[in-house]
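The structure appears below as structure tokens.
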Amino acid sequence: MSDHNHSHGPAALTGINNAFVIGISLNLAYVVVQIIVGLNINSLSLLSDAGHNFLDVAGLMLAMLAFRLSDSKATARYTYGYKKASVLISLLNAVILLISIGAIGYEALLRFRNPEPLPGKTIAIIALIGIVINGVTAFMFYSGKDKDINIKAAFLHLASDTLVSVGLLAGGIIIYYTQLYWIDPLLSIIICFIILLSTWRLLRDSIRLSLDGVPENIDVEKIKSVILQTDGVQHIHHLHIWAISTSQNAMTGHIVIKDDMKNDDLVRLKVRIKHELEHHNIHHTTLETEFENQPCASSDC
């Protein structure tokens, strides 16, 4: 059997870590520019986007911490290490975004009553910078977005920010040519809906993993099929699948085997099953064996 290492290797750690550092640095600098310009021209859309981007920077920092914790080693007290902290951080990320949505939406509704004159050209220029920064950093996380929910959260943050910047660019152009200043708070409300769409899925996934639900990338029926197709397995029950981190999954189950199976054959059977499950995103497998004629008190047998 080939040796599979499903933890983050040094190359993966370095690549993703660099993406986090670059993303945090660029977005933090962009937030400073947005705040300075937004205060100077009194643009709510720029200030609200700056607030959102600042929370995204905090989210990126938390995601980077979670990514590193997901590779933590086991201790006598924490037998899975601090891997589960990555799930809690993804949940915290979602909550932070929801708070951001509420604050931006409330301020936008108030501003609708008294829209103020704004320099559309300045808004458009700042938005164009945002498209470049957010687009480049989002692309850096694209390849890892399906492997870790926190990397996925980082990608969703940055991708939604890119779309928001596109909206701000369009809004700046409209204001410049039409002087329709109510476009500014309207864009803030649109920003809220865009953030909400990406946040809702992140919140849902984080809650499911926090409650030890089956991870989204796991097909339970497929896992059963893989086990049952292994020669020597008669039945599978007491199947439990959960996430021990945002990138690693575990499974326990009872397999029923033939009464005449020898111990050496049983060892090889378990090795084959674990090897196959590694290709289906199950990184830690614990199997209990029962013989065909062995009585079972559970109704799940």
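The values are calculated or read from the model by the stated rules, or taken from the named source; none is laboratory data. Quick caveat, the model's predicted, so the values are computed rather than measured. Here the Cβ is made from the backbone with ideal geometry for all residues, glycine too, and neighbour counts use every protein chain on show.
For region 123-180, filtering for residues that are of a type in the set (S, T, N, Q) and crowded, with 22+ Cβ neighbours inside 10 Å leaves 5.
From the list 109, 118, 97, 60, the one residue that fits, being farther than 26 Å from residue 244 by Cα and crowded, with 21+ Cβ neighbours inside 10 Å, is 118. Any residue in region 171-200 that's over 21 Å from residue 138 (Cα atoms): show its pairings with residues that are hydroxyl-bearing (Ser, Thr, Tyr) at Cβ separation under 7 Å, as long as the two are six or more apart or on different chains. Close Cβ pairs satisfying both conditions: 171/45; 175/181; 184/43; 184/45; 187/45; 188/45; 188/48. In this structure, does residue 274 turn out to be without any contact (Cβ under 8 Å) to a residue 60 or more places away in the chain, surrounded by 15 or more Cβ atoms within 10 Å (Cβ to Cβ) and assigned to a helix (DSSP H, G or I)? Taking the combined requirement at face value, the residue satisfies it.
For every residue, the table says whether it meets (1) acidic (Asp, Glu); (2) part of a helix (DSSP H, G or I); (3) touching a Gly at 6+ places or on another chain (Cβ under 8 Å).
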residue	(1), (2), (3)
101	no, yes, no
115	no, no, no
139	no, yes, no
157	no, yes, yes
162	no, yes, yes
168	no, yes, yes
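Being loosely packed, with under 14 Cβ neighbours inside 10 Å, of a type outside the set (Ser, Thr, Tyr), outside the structural domain of residue 147 (by TED's automatic domain parsing) and in a strand (DSSP E or B) is a condition met by at least one residue of region 240-263.
In region 63-83, the qualifying residues are those that are among the small types (Gly, Ala, Ser) and in a loop (DSSP other than H, G, I, E, B), and the one that is nearest to residue 144 (Cα to Cα) is 70.
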